[in-house]
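Asker: The structure is given below, and queries will be raised subsequently.
The values are calculated or read from the model by the stated rules, or taken from the named source; none is laboratory data. Bear in mind the structure is a predicted one, so any value in this text is a computation, not a measurement. Here the Cβ positions follow ideal geometry from the backbone for every residue, glycine too, while neighbour counts run over all protein chains shown. Accessible surface areas use protein heavy atoms only, side chains included; no ligands, DNA or RNA. Shrake-Rupley method; radii C 1.70, N 1.55, O 1.52, S 1.80 Å.
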Amino acid sequence: MKPTDAVISGTGLFTPEESISNEELVTAFNAWVDLFNDEHSEAIAKGEVEARTYSSTAFIEKASGIKSRFVLNKSGIIDPHRMAPKVAERPNSELSVMAEIGVKAARQALEAAGLDGSDLDAVIVAASNMQRAYPAMAVEIQAALGAKGFAFDMNVACSSATFGIQQARDSIRAGSSQRILMVNPEICTGHLNFRDRDAHFIFGDVATAVVIESKAVVQAKPHFEIVDTRLQTIFSNNIRNNFGFMNRADESGVGAVDKLFVQEGRKVFKEVCPAVAQQITEQLADLDLQADQLSRLWLHQANRNMNDLIARRVLGRDPSDKESPTILDTYANTSSAGSIIAFHLNRDDLTPGELGVLCSFGAGYSIGSVVLRAT
């Protein structure tokens, strides 16, 4: 195996206080369906508008494995007249909402690593959902933590965390940093169309954080050595969100469904799963590792069926719940944070020398895989 030059020494997780069960979400969605069909009854009768159909808890669980999700605001989402979270804007003099939840996760990660904010050389915010174009949330979090050095935001959709880990490792290998904080604040409910039957159940809100350090300076025990990282992107329109600053240049598109999360779920499943399994398999082969040497697969938490298929192809057999842990039943899809939550909550039982793969995948398409060794 390749020599190790960087390690993960701490992780943190912020979980919102409120959650929404499938039953609550379906009740709200079906109430909206009744409102819509009643309002458009004449057009529906004439065939000019398609009637909306009910969702169900059975459909959601079969399609995704999701049972509930944590959210920053529940009341706005389950209000059939609104169907969107209520998150008030803050004055520029206050910490922004996404920076605030990022700082909460970051402080946990720093404590686990035995560090203070002032020990950091850099902060990377790697997430799908950015609160604003600039100033970067990473710089805001850097200031809140009292960190030195530099900070920047990056977005590779659901793969942002694994891409962020490689950027941190590359910086450490280049000698420009020794200790880097990588943060994933995700308010996914803000870009979710809760009136889309095929997607209204997918996302939740959360923030995670990871401390990556040079092996030469790390003091925390235990930690995880970064054995190898691999990134891949393949262009696809099958997962898309067209919201952006250019929208105001063409008013005809304002409010269109493509300004929120949209996806061709079946195509994504068919195309992404084999690509992810192939990347992990080839990465292990290049490291002279066999799949049976893996103790854990911390996969992106988007869909239980996808994870089961990927793990089955990598391992050559059905994975146990311990080998491929699932957290999306309670957290739902939290975009870039999902694989980090799985790692954060399901790693303490690994003994020194045991190996695992942290892997995320999503829009782009983008795939990032990180081979880790417990110390």
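Asker: Before anything else, pin down the relative contact order of the range 276-365: Cα pairs under 8 Å, at least 6 apart, normalised by residue count, whole percent.
Answerer: Averaging sequence separation for qualifying contacts and normalising by length gives 38 percent for the range 276-365.
Asker: Out of the total accessible area of the range 260-314 (probe 1.4 Å, heavy atoms of protein only), what percent is carbon and sulfur? Provide the component values of the computation, followed by the final result.
Answerer: On the way: 1120 of 2580 Å².
Here it works out to 43 percent.
Asker: So, one more: For a quick check of your reading of the filter: which GluC sites (Glu not before Pro) in the range 4-101 sit in a DSSP loop and have no more than 11 other Cβ atoms within 10 Å?
Answerer: Answer by residue number: Glu17, Glu48, Glu50, Glu89, Glu94.
Asker: With θ taken as phi - 60° and the coefficients 6.51, -1.76 and 1.60, list the Karplus ³J(HN,Hα) couplings across the range 177-190 in order, rounded to whole Hz; mark glycine and proline as x.
Answerer: 8, 10, 9, 10, 9, 10, 10, 10, x, 10, 9, 5, 5, x
Asker: In percent, what relative contact order does the range 303-353 have, based on Cα pairs under 8 Å that are 6 or more apart in sequence?
Answerer: 29 percent
Asker: Starting from the Cα gyration tensor of the range 251-365, multiply each eigenvalue by 5, take the square root, and state the resulting semi-axes largest first in whole Å.
Answerer: Semi-axes, largest first: 29, 16, 12 Å.
Asker: Can you give the charge dipole size of the range 239-375 about its Cα centre, rounded to the nearest 20 debye, using +1 on the beta carbon of Lys and Arg and -1 on the beta carbon of Asp and Glu?
Answerer: Computed about the Cα centre, the dipole is about 260 debye.
Asker: Along the range 313-329, what does the Karplus equation 6.51 cos²θ - 1.76 cosθ + 1.60 (θ = phi - 60°) give for ³J(HN,Hα), rounded to whole Hz, x for Gly and Pro?
Answerer: Calculated HN-Hα couplings, in order: 6, 6, 7, x, 6, 5, x, 7, 4, 6, 5, 10, x, 10, 10, 6, 5 Hz.
Asker: Let me ask another. Quickly estimate the mean residue ellipticity at 222 nm for the chain, helices only: each DSSP H run with n ≥ 4 gives -39500 (n - 2.57), and the total goes over all residues, rounded to 500.
Answerer: -9500 deg cm²/dmol
Asker: Can you tell me the Rg and the Dmax, both Å, for the Cα atoms in the range 56-210?
Answerer: Rg and Dmax of the range 56-210, Cα atoms, are 17.1, 54 Å.
Asker: Charges on Cβ only, +1 for Lys and Arg, -1 for Asp and Glu, centred on the Cα centroid of the chain; of Ser177, Ser19, Ala143, which one is farthest towards the dipole's positive end?
Answerer: The Cα lying farthest towards the positive end belongs to Ser177.
Asker: As an exercise, identify the trypsin sites (Lys or Arg not before Pro) in the range 224-264 lying in DSSP coil whose Cβ has no more than 14 other Cβ atoms within 10 Å.
Answerer: none
Asker: Equivalent-ellipsoid semi-axes (√(5λ), Cα gyration tensor) for the range 107-188, whole Å, largest first? Show your work: numbers first, answer last.
Answerer: Details: eigenvalues 71, 43, 29 Å².
Square roots of five times the eigenvalues give 19, 15, 12 Å.
Asker: I need to check one value: relative contact order of the chain, counting alpha carbon pairs closer than 8 Å and at least 6 residues apart, in percent.
Answerer: On the way: 836 pairs, mean separation 87.9, N = 375.
Dividing the mean separation by the residue count of the chain yields 23 percent.
Asker: Once phi is turned into θ = phi - 60°, what whole-Hz ³J(HN,Hα) does the Karplus curve with 6.51, -1.76 and 1.60 give for every residue of the range 257-265, x standing for Gly and Pro?
Answerer: 5, 6, 7, 10, 4, 9, 8, 9, x
Asker: Charges only on Cβ, +1 for Lys and Arg, -1 for Asp and Glu: so what's the dipole of the range 22-130 about the Cα centre, in debye to the nearest 20?
Answerer: Around 180 debye, computed over the range 22-130.
Asker: How do the peptides 273-279, 306-312 rank, highest first, by the average count of neighbouring beta carbon atoms within 10 Å per residue?
Answerer: Values: 273-279: 18.4, 306-312: 20.9.
Ranking, from highest mean packing down: 306-312, 273-279.
Asker: Show me the ranking of peptides 129-140, 162-173 by mean Cβ neighbours inside 10 Å, starting with the highest.
Answerer: Taking the mean over residues of other Cβ atoms within 10 Å, the ranking is 162-173, 129-140.
Asker: Hey, another quick one. Mind listing which trypsin sites (Lys or Arg not before Pro) in the range 58-99 are in a DSSP loop and have 15 or fewer other Cβ atoms within 10 Å?
Answerer: Loop-located and lightly packed - Arg82, Lys86.
Asker: Mind checking the per residue accessible area of the chain for me, 1.4 Å probe, whole number of Å²? Write down the numbers at each step before the final one.
Answerer: Working: 16580 Å² over 375 residues.
Solvent-accessible surface per residue comes out at 44 Å².
Asker: Projected onto the charge dipole of the range 59-104 (+1 at Lys/Arg Cβ, -1 at Asp/Glu Cβ, origin at the Cα centre), which of Ser68, Ala84, Met98 gives the Cα projection farthest towards the positive end?
Answerer: Positive-end residue among those listed: Ser68.
Asker: Roughly how many whole Å is it from the C-alpha centroid of the range 229-279 to that of the range 25-55?
Answerer: Taking the Cα centre of each part, the range 229-279 and the range 25-55 sit 27 Å apart.
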